[in-house]
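See below for the structure under consideration.
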Amino acid sequence: MKSFVQFAKILVLSLLLALPALAAEKVNINTADAAALDRVLIGVGPAKAAAIVEYRKANGPFKSAEELAMVKGIGLSTVEQNRDRIELRAGVAQAKPAAAASAAKPKPVARR
């Protein structure tokens, strides 16, 4: 009986240590479809996930997590709730020549 109790304690401890790793599923907001955004992001349902995809199609990839707040229905509090779940990797990108990189200025992000 003593070994069973010890086994149960070890099992519970290992589950507690494993839960944070499982809970922090990430999603790339530049490549994910609406279903993945809906599944992973807190406070984002099917309509908001579809709005994220439409905004990305119209305006190009997100450059920062805060830019997600430009999507109608997404506020800065939603972005903060999901900060550890958001990825921005754009995949394999080709390097820009130095002249082109310095000439291209980023558009300022304006709040709605």
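The values are calculated or read from the model by the stated rules, or taken from the named source; none is laboratory data. Keep in mind that this is a model prediction, so the values were computed, not measured. All Cβ positions, glycine included, derive from the backbone under ideal geometry; neighbour counts span all protein chains shown.
Side notes on the structure shown:
- Picking from residues in the stretch 52-62 that are in a loop (DSSP other than H, G, I, E, B) and touching a residue at least 24 places away in the same chain (Cβ under 8 Å), the one that is nearest to Asn82 (Cα to Cα) is Phe62.
- Check on Ala49, modelled with pLDDT of 85 or more, surrounded by fewer than 13 Cβ atoms within 10 Å (Cβ to Cβ), in a helix (DSSP H, G or I) and of a type outside the set (Phe, Trp, Tyr): no
- For the stretch 25-46, taking the residues that are among the aliphatic types (A, V, I, L, M) and in a loop (DSSP other than H, G, I, E, B), the one that is nearest to Leu88 (Cα to Cα) is identified as Ile29.
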